[in-house]
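Structure, as structure tokens:
The values are calculated or read from the model by the stated rules, or taken from the named source; none is laboratory data. As the structure is a computational prediction, the values presented were derived from the model and not from experiment. Here the Cβ positions follow ideal geometry from the backbone for every residue, glycine too, while neighbour counts run over all protein chains shown. Side chains included, ligands, DNA and RNA excluded: accessible areas come from the protein's heavy atoms. Shrake-Rupley method; radii C 1.70, N 1.55, O 1.52, S 1.80 Å.
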Amino acid sequence: VGSADQTTPGTSNGGRIASLVPAAESVLLDDADHYTFLAECAPAGVAARPDLCQEVAGVDRSEMHRHVASDAVSFFDRVFSRTGQ
């Protein structure tokens, strides 16, 4: 979840869901907002919907995506290795 998400704050949304899922982990990502998790914007997207494409200063959307993907793979590797699946 993103620490700067004002649309769906992590504690009342993603964190809540994680608390209901066995073995789930919730990670707070510094300065990520609600739209950080969308695909990177092409120039036409920036022109049409800059509100969906603007990041908090210092946040690199593509780097954030790589970080989240890596964490997800690590999580599933750990969970599936414990269950023998």
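Taking region 48-85 as the range and being surrounded by 11 or more Cβ atoms within 10 Å (Cβ to Cβ), of a type in the set (A, V, I, L, M) and farther than 19 Å from residue 23 by Cβ as the test, the residues that pass are 48, 52, 56, 59, 64.
Matching residues to (1) without any contact (Cβ under 8 Å) to a residue 40 or more places away in the chain; (2) hydroxyl-bearing (Ser, Thr, Tyr); (3) farther than 25 Å from residue 73 by Cβ:
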site: 8; (1), (2), (3): yes, yes, no
site: 18; (1), (2), (3): yes, no, no
site: 25; (1), (2), (3): no, no, no
site: 33; (1), (2), (3): yes, no, no
site: 45; (1), (2), (3): yes, no, yes
site: 52; (1), (2), (3): yes, no, yes
site: 62; (1), (2), (3): yes, yes, no
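In region 17-47, of all residues being in contact with a Ser or Thr (Cβ under 9 Å, 6 or more places away or on another chain) and in a helix (DSSP H, G or I), the one that is least open to solvent (accessible area, probe 1.4 Å) corresponds to 18.
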